[in-house]
């Protein structure tokens, strides 16, 4: 469940990201498509932005929208992994594509964890291998080969238009 949002902390985080990127308030407001006073209110913790505004701010800051969603309490913090880091760092993907990939990645990990837990809980003692069968005698093998050939011939006759083997 997402955490309770501290709007002041969210605003401080956005301000820190903006300052570390050396972007002015005016430049970020313009690239995010919001007014200067509104962005200032967000940074001071006076206003809570919507998920859409957070996505626009993240785009202007060139950071993952997910990072802002986590700060805003919209998403839970994900477990760090090289795959997640690579997805989030890929500038060739849109924020929506990144989100979908992360959701798929999470679903695979959960599915694998559940399968591993089920296998662990139902661990049965290993079954002894079945005794080896004796090799077919030449007479039985020849009879089996004839049955296979008869089945193939019947299938070929049932499907007209197929090329036939001249041998």
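Miscellaneous remarks
- Residues in region 29-63 that a label on residue 8 would reach, taking backbone N under 18 Å of a point 7 Å out along Cα→Cβ: 40-49
- Rounded FRET efficiency, nearest 0.05, which uses the C-beta distance separating residue 16 from residue 110 and R0 of 30 Å: 0.40
- Over region 1-76, Cα pairs under 8 Å with separation of 6+ residues give a relative contact order of 45 percent.
Read the figures in this text as sums done on the coordinates, not as results from a lab. None of the values given here were measured: they were computed from a predicted structure. Positions of Cβ are generated from backbone atoms using ideal geometry, with glycine treated the same way; all protein chains shown enter the neighbour counts.
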